[in-house]
Amino acid sequence: MKIRFNKLYMLLFAGTLFTGVSCTKFDVDMHSEYTEDTFPKTPEQFVALTGPVYTSARGYFSDYFDLQTAGSDEVIIPTRGGDWFDGGKWRDMHKHTWSSSHEVVRNAWNWGYNAIGTCNRVLGVLNNAPESDTKEQTIAEIKTMRAWYYYLMMDAYGNIPLQTSFDTGGELPSTTARAQVFEFIVNELEQNIALLSTEKSERTYGRPTKWFAHTLLAKIYLNAFVYTGEAKWDKVVEHTNVVLNEGTMFTLQADMLAQFKPDNGAQDSEPIFSIPFHASRATGNTLFNKVLHYAHRETYGLSVNTWNGWSAQPDYFDLFDDDDMRKQQWLYGQQYTATGQPLIYDGVNVVIDPYGYNLLPGSDFDIGGVADAGRLAGARSVKYYPDKDQISNNANNDVVVYRLADVLLMKAEAILQGATNGTKAEALAAANQVRARAFPANPEKHFTIATLTKEAIYKERGLEFTFEVTRRTDMIRFGKWEDAMLFKQANSAETYKRIFPIPATVLANNGNLTPNPGYTN
């Protein structure tokens, strides 16, 4: 059971001294707020000072999740008879017709750069604190978190401003090429990795460890060709091997879905880095609201009305075999109350149709219809199991960012892509650890040397990482991002949309920035 009130939660609930700090202005002098007597000295004081860096991470599962997920093939958020139109923002994300003024594009940017600004501000304080082992490790942790935030922004927006200090006399940053940001992130991680903890414990839960840094490096190198034009497959194998050979405290959980339940936490054996959430003290995990039909509150004993929006595209749902344990995350077919009675909503039997996306006449995104038909379309993922103890729409499920299954599949993919420091047998062994868990009673469905192909790895990643903020990046790496999807035509001429535009508001406030190629402003 998750222990809710420990040092980690002290960290997350620490004062909001740095909350809302933006990376668009860097002329606030805060060193004067600290003196030799008030600089942090004890581990608890360092936790309190750095708390906002980790509090900021919760936005990863909100604005950034929306940006990375809503345009991928794993989900659609259609208009349902008027519900979920929201100014057409979900239609634009699905059809890849966003602009630099798009709300989701702007909100994710603001979240990322607020988090980076918070890191820079905290580091400005820490650099002037008295020397100690705790200071040294804390600085390494914050630099690692900043590298992660920069990785997320680089992956989404490509060419971005790179700023490493908070006080710059008001000078606004200019655009840095994606390849240079890539090098900065890699160097930051490699320079600080030796100072990070090797523990997997409640004390380090939610904070970057050596294992987190190696996994992040593997992730960055996996996409090196996309970011820089130069493949780095050997580096992927190098860093995944460190986790697999030395991080022996991480093991695949027999029940894959258990690590996403409301009581998940430091006791789970598979997650390498997670973001802690709490229904009242670390809020923001509202995913169950997005996916569940209104009537599902009776299924899961919820005290709030759910929102009935996000659902699987039919082709994505069809990836899952019936005997794949990962298919258990999907709600489809007849739905039931908590006591096993057929679920009825507004006089309509709630039968979820995974294929029921029928457009209203004259519409290109509205599937609303007679007797709530449109509202019953699309399988719903409950990978993050609905929390009956949620409070005001906020669930207790911690969000898993990186886990061992991803390390295994990254290694397998890198070898198939051409890494010279691994064999096809090693790739097969790594991929089959994940595959065998999904089909424990069906060894005939495990990979063989013949069936383990690049395309098989791409499919396996889709099966394994639904709603884990990997699909857009995977689609781009495998050349799938421009493909046709439900209600969206193929757009092979628009490869520039593999990165999002720098928001118009940011460009208007900083004339030193250059719009991303293909976008007019």
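Every number in this text was worked out from the coordinates using simple rules, so none of it is lab data. These numbers come from a predicted model, not from an experiment. Every residue, glycine among them, receives a Cβ derived from its backbone with ideal geometry; neighbour counts consider all protein chains shown.
Each residue of region 356-361 was assigned a 3J(HN,Hα) from its phi angle through the Karplus curve 6.51 cos²θ - 1.76 cosθ + 1.60 (θ = phi - 60°); the sequence is x, 8, 9, 5, 5, x Hz, with glycine and proline shown as x.
The trypsin sites (Lys or Arg not before Pro) of region 151-237 that meet both conditions, a loop assignment by DSSP and at most 15 other Cβ atoms within 10 Å of the site Cβ, are Arg203. Loop-located GluC sites (Glu not before Pro) in region 462-521 (DSSP state not H, G, I, E or B) with no more than 14 neighbouring Cβ atoms inside 10 Å: Glu494. Here is the list for region 118-188: GluC sites (Glu not before Pro) lying in DSSP coil, each with at most 12 other C-beta atoms within 10 angstrom of its C-beta, are Glu131, Glu171. Cβ-to-Cβ counts within 10 Å put Thr38, Thr97, Thr118 in ascending order as Thr38, Thr97, Thr118, the fewest first.
To the nearest 500 deg cm²/dmol, what mean residue ellipticity at 222 nm is calculated for the chain from DSSP H runs of n ≥ 4 alone, each contributing -39,500 (n - 2.57), summed and divided by the residues? Please report the intermediate quantities before stating the final value.
Working: 18 runs with 195 residues, N = 521.
Dividing the helical sum by the residues of the chain leaves -11500 deg cm²/dmol.
Taking the fewest neighbouring Cβ atoms within 10 Å as the starting point, the ordered list for Asp255, Asp92, Asp234 is Asp255, Asp234, Asp92. Cα centroids of region 446-475 and region 274-328: 22 Å apart. Per residue, the convex hull spanned by the Cα atoms of region 403-521 measures out at 172 cubic angstrom. Pairs Lys290/Lys388; Lys143/Lys424; Lys210/Lys445; Lys219/Lys327; Lys261/Lys480: which are spaced more than 24 Å apart, C-alpha to C-alpha? Pairs exceeding the cut-off: Lys143/Lys424; Lys210/Lys445; Lys219/Lys327; Lys261/Lys480.
Sort Tyr384, Tyr345 so the one with the fewest other Cβ atoms within 10 Å of its own Cβ comes first.
Sorted ascending by nearby Cβ count, the order is Tyr345, Tyr384.
Taking a ≥ b ≥ c as the square roots of the eigenvalues of the Cα gyration tensor, region 285-412 is classed as oblate, since a/c reaches at least 1.5 and a/b does not exceed b/c. The translational diffusion coefficient of region 401-455, from Stokes-Einstein at 10 °C and 1.306 mPa s with a Kirkwood hydrodynamic radius over alpha carbon pairs, comes to 139 µm²/s.
The alpha carbon convex hull volume per residue for the chain rounds to 145 Å³.
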